[in-house]
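The values are calculated or read from the model by the stated rules, or taken from the named source; none is laboratory data. Predicted model only: the values in this text are computed from it and were never measured. No Cβ is skipped: glycine too gets one built from the backbone with ideal geometry, and neighbour counts run over all protein chains shown.
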Amino acid sequence: MKSTNVIILVGVLGVGGVGAYMYMKNKQAKDALLSGSLPATNQGGATTPSGTTTPTGGATTTTPTGGGATTPPLSTVSDGVSPSDANLNLANATILVAERATLQTKIKAPLPKMQDSTSGSYKVNPEYTRALSFRALAQQQLIALDANLAKLGYKVDATGALVKV
């Protein structure tokens, strides 16, 4: 092998090794943070000061135990919803949007013929009335689903995308 091929091969292996190391380091840090064994960091990257956390009207205030500079606590209130609740609301709203799409396909489904063609008379086809009742039920469920989305703080725009209100 030429020396340039060896250098390129060693470089590729080195970059791959560094990438694998960084991936595992990030994964371990994320797992430790989720398990609660590491302190959370704020937006600046510094760890929050140790002390007591006292909830006051949805917001948390932190009293440091040691002297020195303190980092202000993160705001946990945005529109009256804590971040964990906001994440849950977004997840639930995403599920409701998927259900909404299913209901809309039921509403837009083509109806069978109105008249029964087998008897030759002007009777109304029973499948037609059944499809109409399913469509009406789906419309009622869609209204209730939109109300649930509004309670979560979301709505669906004309293109079907989820929008925070």
Restricting region 108-147 to residues that are of a type in the set (S, T, N, Q) and at pLDDT 90 or above, the one farthest from V97 (Cα to Cα) turns out to be S133
Scanning region 119-164 residue by residue, the ones that are charged (D, E, K, R) and either under 13 Å from Q104 (Cβ atoms) or assigned to a loop (DSSP other than H, G, I, E, B) (or both) total 4
Filter pass, N148 being within 30 Å of N87 (Cβ to Cβ) and surrounded by 13 or more Cβ atoms within 10 Å (Cβ to Cβ)
yes
Over 20 Å from L90 (Cβ atoms), part of a loop (DSSP other than H, G, I, E, B) and more than 17 Å from the chain's Cα centre (by Cα): does that describe L111?
yes
From (1) surrounded by 14 or more Cβ atoms within 10 Å (Cβ to Cβ); (2) out of contact with any Lys or Arg (no Cβ under 7 Å at 6 or more places or on another chain), pick out the condition that doesn't hold for K108.
(1)
Looking for something assigned to a loop (DSSP other than H, G, I, E, B), at pLDDT below 85 and within 21 Å of A161 (Cβ to Cβ) - is there at least one such residue anywhere in region 63-86?
yes
